[in-house]
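This report refers to the structure that appears directly beneath it.
The values are calculated or read from the model by the stated rules, or taken from the named source; none is laboratory data. Keep in mind that this is a model prediction, so the values were computed, not measured. Ideal geometry is used to build each Cβ from the backbone, glycine not excepted, and the neighbour counts take in all protein chains shown. Calculation scope for accessible area: heavy atoms of the full protein, side chains included, ligands and nucleic acids excluded. Shrake-Rupley method; radii C 1.70, N 1.55, O 1.52, S 1.80 Å.
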Amino acid sequence: MKLSHSFTKTLRNAPKDESAHSAQLLIRAGYVHKELAGVYDYLPLGLRTLNKIENIIREELNAIGCEEVRMSALQNPDLWEKTGRWSNQAVDIWFKTELSAGGELGLAPTHEEPITNMLKTYIKSYKDLPLYVYQFQTKFRNELRAKSGIMRTREFLMKDLYSFSVDEKSHDEFYHKVENAYKKIYERVGLGDCTYQTFASGGIFSKFSHEFQTIIPVGEDTIYYNKDKSIVLNEEVKLPEVLDEFGVSEDELESTRAAEVGNIFTLKYKYSEPLDLKFNDKDGKEQTVFMGCYGIGVSRVMGVVAEKYADDKGLVWPAEIAPYQVYIVAIGEKGIEIASKLEQKYPESVLYDDRNNRPGEKFADAELMGIPYRVVISDKTLADDKVEYTERQSGDQKLLTLTEIEAILSEYEKDSKSH
Ligand code: ATP
Ligand code: MG
């Protein structure tokens, strides 16, 4: 990609009302544009990173047998009435709208009701189960506070997966598969070493549900942990009887701030019962489908990674989710010729800064955008058949031959094409 072709520009200043460091940098570097509080547009660079996170999740879910759909954001109130979730008292973040033909519609904050209803058309017998259906979809929530940039917004991209099983045993097997898939996902997006599976409230069947919490100072949640006993608890379950059950005392727990990047729930019959999702078992007896749901805030994950890795110069992306892996700056005619060729040969991994700016400005933008590696191709080092290769995160610099650079680029190009 040639930078001169993009309509976006890096900005010197972020909007004054933007308090999160990640949001300031994402705006300044041209990843997102702020529409209004809690509402953002994804620009070419930001969309590439968001798509890469989405693809990692897709790969890991497909690997455990899940099937992808995309459901409508518009919601039929009748379904939500049946589960008691249409009222603004039950769900306080609804966006609702009126049909010009009369009646109301909702903008989906989540999809349990419509997916349970949809599957009534397809689930008839135990032979149709289990089913694991997911989507990447825009959710709408009328959040009271939107202050963490893309980490908490009123419109956001969620991956929501729903499981439909014949019984608890079959459900549990899949639940564990999702736990493992989630671990791989957080690992691959760069949050592996700071994301913990926590016990949370809201378990309908078992006492607990699980959340995946990433330790980060600006996180909105507080989690409590004991490293030796490998226990991590959400604040709301840190009750005397729960601590007893885990064999840990209050003063053995340390606390830290964290952001919820995903969760998994055993729903049991919470939605299948009121929405009447049934199947005939082996003996021809009618049974209710046993359900689970599993969310990941895709755009929140992007914000959390941005927040975690950023430094005083700008964003720092892990290579697997960076929009491009190598930022090329050319100095001198020979350099320009080589850079153009590399950009054409490796279009998925090279961001070539062909603008008419001073090298210093280009270096600053490379850092602000957080591209993992910078390559400077100048006549000076080309005299020794070398180019300068700098790692964004560490600042480590070395001289490599063009052959070595091409070997690195073709690896990245292969990776981004296989996703
Ligand atoms: P939170 O406690 O942060 O409000 P939640 O319990 O409402 O989250 P879910 O309804 O289970 O979350 O949504 C699934 C995932 O979607 C969450 O784990 C989180 O990563 C993400 N998410 C939830 N609300 C938002 C939001 N307003 N903006 C961006 N991502 C969100
Ligand atoms: Mg919420």
- [ ] Please find, among I123, I150, the residue that is over 22 Å from G295 (Cα atoms) and surrounded by 17 or more Cβ atoms within 10 Å (Cβ to Cβ).
- [x] I123
Task: Test: F136 is under 22 Å from L275 (Cα atoms), in contact with a helix residue (DSSP H, G or I) (Cβ under 7 Å, 6 or more places away or on another chain) and of a type outside the set (A, V, I, L, M) - done: no
Task: Odd one out for T97 among (1) under 20 Å from T266 (Cβ atoms); (2) touching a strand residue (DSSP E or B) at 6+ places or on another chain (Cβ under 6 Å); (3) more than 16 Å from ligand 1 (Cβ to nearest atom) - done: (1)
Open item on the list: Taking the conditions exactly as written (within 24 Å of the chain's Cα centre (by Cα), more than 21 Å from T8 (Cα to Cα), surrounded by fewer than 23 Cβ atoms within 10 Å (Cβ to Cβ) and among the small types (G, A, S)), does A319 satisfy them or not?
Closed with: yes
Open item on the list: Here are the criteria: (1) part of a strand (DSSP E or B); (2) without any contact (Cβ under 8 Å) to a residue 60 or more places away in the chain; (3) open to solvent by less than 60 Å² (accessible area, probe 1.4 Å). Tell me which single one A339 does not satisfy.
Closed with: (1)
Open item on the list: Condition check: within 13 Å of ligand 1 (Cβ to nearest atom), among the polar types (S, T, N, Q) and over 30 Å from F174 (Cα atoms). Does S87 satisfy that?
Closed with: no
- [ ] Give the number of residues within the stretch 266-283 that are within 21 Å of W80 (Cβ to Cβ) and either open to solvent by 70 Å² or more (accessible area, probe 1.4 Å) or not in a strand (DSSP E or B) (or both).
- [x] 9
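Residue-by-condition table, conditions (1) surrounded by 23 or more Cβ atoms within 10 Å (Cβ to Cβ); (2) within 18 Å of the chain's Cα centre (by Cα); (3) within 16 Å of ligand 2 (Cβ to nearest atom); (4) modelled with pLDDT under 95:
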{"position": "E241", "(1), (2), (3), (4)": "no, no, no, yes"}
{"position": "F246", "(1), (2), (3), (4)": "no, no, no, yes"}
{"position": "G262", "(1), (2), (3), (4)": "yes, yes, yes, no"}
{"position": "K285", "(1), (2), (3), (4)": "no, no, no, no"}
{"position": "F290", "(1), (2), (3), (4)": "yes, no, no, no"}
{"position": "R300", "(1), (2), (3), (4)": "yes, yes, yes, no"}
Open item on the list: With the requirement that a residue be of a type in the set (F, W, Y) and open to solvent by less than 10 Å² (accessible area, probe 1.4 Å), what does the stretch 126-147 give you?
Closed with: Y134, F136
Task: Elements of type strands (runs of 3 or more DSSP E) contained in the stretch 105-212, each with 2 or more residues being more than 13 Å from ligand 1 (Cβ to nearest atom) and among the polar types (S, T, N, Q) - done: 155-165
- [ ] Using the structure shown, decide if V316 is among the aliphatic types (A, V, I, L, M), in contact (Cβ under 8 Å) with a residue 60 or more places away in the chain and part of a helix (DSSP H, G or I).
- [x] no
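Where residues in the stretch 170-229 are among the aromatic types (F, W, Y) and open to solvent by 10 Å² or more (accessible area, probe 1.4 Å), which of them is farthest from the chain's Cα centre (by Cα)?
F205
Yes or no, residue by residue, for (1) open to solvent by 30 Å² or more (accessible area, probe 1.4 Å); (2) in contact with a helix residue (DSSP H, G or I) (Cβ under 9 Å, 6 or more places away or on another chain); (3) outside the structural domain of Y31 (by TED's automatic domain parsing):
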site: V375; (1), (2), (3): no, yes, yes
site: K380; (1), (2), (3): yes, no, yes
site: D384; (1), (2), (3): yes, no, yes
site: Q393; (1), (2), (3): yes, yes, yes
site: L399; (1), (2), (3): yes, yes, yes
site: A407; (1), (2), (3): yes, no, yes
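Only residues that are within 14 Å of ligand 2 (Cβ to nearest atom) and among the aromatic types (F, W, Y): list them for the stretch 121-141, please.
Step one: of the stretch 121-141, the residues within 14 Å of ligand 2 (Cβ to nearest atom) are 139-141.
Listed by number, the list holds a single entry, F140.
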Open item on the list: I'm checking my understanding of the structure. Among residues of the stretch 142-170 that are within 18 Å of G219 (Cβ to Cβ) and among the basic types (K, R), which one is nearest to ligand 2 (Cβ to nearest atom)?
Closed with: R152
Task: Subset of the stretch 67-91 that is among the charged types (D, E, K, R) and in contact (Cβ under 8 Å) with a residue 12 or more places away in the chain - its residue that is nearest to ligand 2 (Cβ to nearest atom) - done: R85
Open item on the list: Exactly one condition in (1) within 30 Å of K184 (Cα to Cα); (2) under 21 Å from the mean Cα position of the chain (by Cα) is false for R28; which is it?
Closed with: (1)
